[in-house]
Amino acid sequence: MKALTWQGKRSVSVEEVPDPVIQEPTDAIIRITSTAICGSDLHLYEVLGPYMHKGDVLGHEPMGIVEEVGAGVTNLAKGDRVVVPFNIACGRCYMCSQGLQSQCETTQVRQKNSGAALFGYSELYGSVPGGQAEYLRVPFADYGPVKVRQELPDDRYLFLSDILPTAWQAVKYADVAAGGTLAVLGLGPVGQFASRVGTHLGLRVVGVDPVLERREMAARHGVEVLDYSKGVADELRELTEGRGADGVVDAVGMEAHGSPVAGFAHQALGLLPDKLAQKAMETAGVDRLAALHTALDGVRRGGTVSLSGVYGGPASPMPLLTMFDKQIQLRMGQCNVRRWTDELLPLVEDDADPLGVMDLVTHRAGLAEAPALYDKFQKKEDGCIKVVLQP
Ligand SMILES: NC(=O)c1ccc[n+]([C@@H]2O[C@H](COP(=O)([O-])OP(=O)(O)OC[C@H]3O[C@@H](n4cnc5c(N)ncnc54)[C@H](O)[C@@H]3O)[C@@H](O)[C@H]2O)c1
Ligand SMILES: [Zn+2]
Ligand SMILES: [Zn+2]
């Protein structure tokens, strides 16, 4: 089959790779009909290269048609239409039973001290072949895939694989009471949905992003928008009687603009051989923390910062004095996708499209265009906000 593979920093290519086969009784093979590119893929493209291997198949936002199931999969049959969560979880362990599927104890990548395995997400998360491909092997298919109706378009369901539950969890974790103010930093796909979830739940939402068309998209969904600047925390206070936002979602992560020193560290890291670069990431921390610092500054005293943007590097400097003094609550993590999909399914199927899932995709193409679209998505050129590949 054809699949999109990682080849090096800012280099991906479509290659012929072996077709996936059933390896365990709980596996299924899915023929992919739509598969999106995520901001998390951009981390693999840029800074997480030291954890990737040439030829790794990328992608963790897939949906499609069941081609084959193992003997242990009784909930799915050939021909069913499914969307596949990006976390691989067993559904039976202690963590899964607590709704913490991103920490599944059956699939945890213990050698790397990581949580649940993820599709297409580097050796840190199990080096599992991803879904930007014609076919995907889905482990624990007796639990993970969400069966959906046949008649609605893919875009109704596709984002249940990752960014919609991620946004939902981010807003739930931000814990803003009805009528309160939620700030959303970053209006990429995750931030777009987090903002819309916020307004849907009756919050006042202020979205922040340096990119005009991303602010415009948010504005047409009832979000007040601010251009990113050094003074954005002050602007948030001005909008909230001097207090700051009740909750802040950071939907930016470690590719944030506005951290020149870390930007230089990223460049330097790119020049090191993999093992040394891994060590450097593990010991020095190369995060670009600009958005995180804005979140901690712009949240009100006693408010909550909810990180869905991905950070890496354990030695990241945090302003603990401010965090303690302001009594900030901090919540974060990979989304526990399966925890939220039952709540979200009726919303994505609703004719009124309350979360606007039909207004996000800006670019759609076959797999062959994927390398060009990674480049476009990373550079935010040509109005690119969300890319869907149709293998
Ligand atoms: N926690 C999870 O489970 C999960 C799931 C999906 C994505 N993510 C993460 O969420 C983040 C966003 O993903 P995305 O797909 O929306 O990606 P994206 O890269 O398109 O979005 C990031 C946005 O942040 C904006 N930005 C950059 N610097 C900023 C700053 N200093 N202040 C405000 N905005 C700034 C960019 O212009 C961009 O629009 C990524 O870190 C991604 O890895 C996490
Ligand atoms: Zn993702
Ligand atoms: Zn589990």
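The values are calculated or read from the model by the stated rules, or taken from the named source; none is laboratory data. Computed from a prediction, not measured in an experiment: that's the story for all the values here. Counting neighbours? That spans all protein chains shown, and the Cβs are built from the backbone with ideal geometry, glycine included.
Where the second residue is more than 8 Å from ligand 1 (Cβ to nearest atom) and among the polar types (S, T, N, Q) and the first is part of a strand (DSSP E or B) and lies in region 31-43, which pairs have Cβ atoms under 6 Å and are six or more apart or on separate chains?
What qualifies is Ser34/Gln390; Thr35/Gln132.
Going by the structure shown, is Leu100 out of contact with any strand residue (DSSP E or B) (no Cβ under 7 Å at 6 or more places or on another chain), aliphatic (A, V, I, L, M) and over 16 Å from Pro139 (Cβ atoms)?
Values: out of contact with any strand residue (DSSP E or B) (no Cβ under 7 Å at 6 or more places or on another chain): yes; aliphatic (A, V, I, L, M): yes; over 16 Å from Pro139 (Cβ atoms): yes.
For Leu100, the condition - out of contact with any strand residue (DSSP E or B) (no Cβ under 7 Å at 6 or more places or on another chain), aliphatic (A, V, I, L, M) and over 16 Å from Pro139 (Cβ atoms) - is met.
Please indicate, with yes or no, whether at least one residue in region 150-158 is aliphatic (A, V, I, L, M), within 16 Å of ligand 1 (Cβ to nearest atom) and in the same structural domain as Asp246 (by TED's automatic domain parsing). Before the answer, list the steps.
Of region 150-158, the ones aliphatic (A, V, I, L, M) are 152, 158.
Among the residues that remain, those that are also within 16 Å of ligand 1 (Cβ to nearest atom) are: 158.
Narrowing further to those that are in the same structural domain as Asp246 (by TED's automatic domain parsing): none.
Within region 150-158, not a single residue is aliphatic (A, V, I, L, M), within 16 Å of ligand 1 (Cβ to nearest atom) and in the same structural domain as Asp246 (by TED's automatic domain parsing).
Is it true that some residue in region 159-167 is more than 29 Å from Val73 (Cα to Cα), among the polar types (S, T, N, Q) and in contact (Cβ under 8 Å) with a residue 24 or more places away in the chain? Before you say what the answer is, go through the steps one by one.
Taking region 159-167 first, the residues more than 29 Å from Val73 (Cα to Cα) are 167.
Still in the running and among the polar types (S, T, N, Q): none.
No - not one qualifying residue is present in region 159-167.
Are any of the residues in region 88-96 in the same structural domain as Ala370 (by TED's automatic domain parsing), within 16 Å of ligand 2 (Cβ to nearest atom) and crowded, with 20+ Cβ neighbours inside 10 Å?
Residues of region 88-96 in the same structural domain as Ala370 (by TED's automatic domain parsing): 88-96.
Filter once more, keeping what is within 16 Å of ligand 2 (Cβ to nearest atom): 88-89.
Those left that are additionally crowded, with 20+ Cβ neighbours inside 10 Å: 88-89.
Yes, that holds for at least one residue.
Within the set of pairs 6 or more residues apart or between chains, which connect a residue that is closer than 19 Å to Ala133 by Cβ and part of a helix (DSSP H, G or I) inside region 349-374 to a residue that is acidic (Asp, Glu) and at pLDDT 95 or above with Cβ atoms less than 9 Å apart?
Leu367/Glu134; Tyr374/Asp41
Tell me, yes or no, whether region 47-55 has at least one residue that is among the aromatic types (Phe, Trp, Tyr), over 24 Å from Gly186 (Cβ atoms) and surrounded by fewer than 23 Cβ atoms within 10 Å (Cβ to Cβ).
Applying the first criterion (among the aromatic types (Phe, Trp, Tyr)) to region 47-55 yields 51.
Filter once more, so that each one left must be over 24 Å from Gly186 (Cβ atoms): none.
No: region 47-55 contains no residue that is among the aromatic types (Phe, Trp, Tyr), over 24 Å from Gly186 (Cβ atoms) and surrounded by fewer than 23 Cβ atoms within 10 Å (Cβ to Cβ).
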